[in-house]
Structure formats: C-alpha cells, structure tokens
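Just so it is clear, none of the values below were taken in a lab; they were calculated from the coordinates. Values in this document were obtained by computation on a predicted structure and should not be read as measured data. Positions of Cβ are backbone-derived with ideal geometry, glycine not excepted, and every protein chain shown enters the neighbour counts.
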Amino acid sequence: MEIDKELDTRGLNCPLPILKAKKALAEMASGQLLRVVSTDSGSNRDFQAFAKQTGNELVEQQVAGSDFIHILKRR
C-alpha cells in the first residue's frame, strides 16, 4: 500500500486528529491515501464515524504499541 501523505497527531486529543485529517484530505486528490498516527485511544471510533459521515473510505486501522494508525482513502 502506497501512502500519499502522513499525518502525525500523537499527543493530540479529539477532535484535533479528525480536524487535521479533514484538512489534509481536502488538499489531496481523489483516491489518494492518508495515514494518520494518533495516541488518542478514542480515535478508532472517531475515525470510523468520520469516514461514514464524509464518504472517505477507512481502509485500515491498526494498533502499534501506543499508536493508533488509521489509513483513509480520499473520496
């Protein structure tokens, strides 16, 4: 999987990771992938809801140590 843009939101709590992701996605072309790394434990459900509300695809979510990784595809 080739990531087009990466966003490090470690240390930020809701809603900042979502707001930063929304801004980054707005600058990307349709079909491009955004990888967001967060330390907010609520970010899994936040990004699931965000994807449903915006129509962007949540391709993958994973946990790596204390990091929560979300990969979104721009609609």
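Listed by chain and number, the lysines placed with their C-alpha closer than 16 angstrom to that of residue 20 are 5, 73; residues fewer than eight positions away on the same chain are left out.
Taking the inverse of the average 1/r across all pairs of different Cα atoms in the chain, what Kirkwood radius in Å do you get? Over the chain, the inverse of the mean reciprocal pair distance is 11.9 Å. Dividing the helix sum by the residues of the chain, where each DSSP H run of 4 or more adds -39500 (n - 2.57), gives a mean residue ellipticity at 222 nm of -9500 deg cm²/dmol. Here the simple spin-label model places points 7 Å from the Cα toward Cβ, and for residue 49 and residue 26 these points are separated by 2.0 nm. Here residue 41 and residue 3 are evaluated by their C-beta separation; at R0 = 25 Å the FRET efficiency comes out at 0.65.
Of 58, 16, 33, the residue with the greatest mean-square motion in the GNM of the chain, using alpha carbon springs below 10 Å, is 16.
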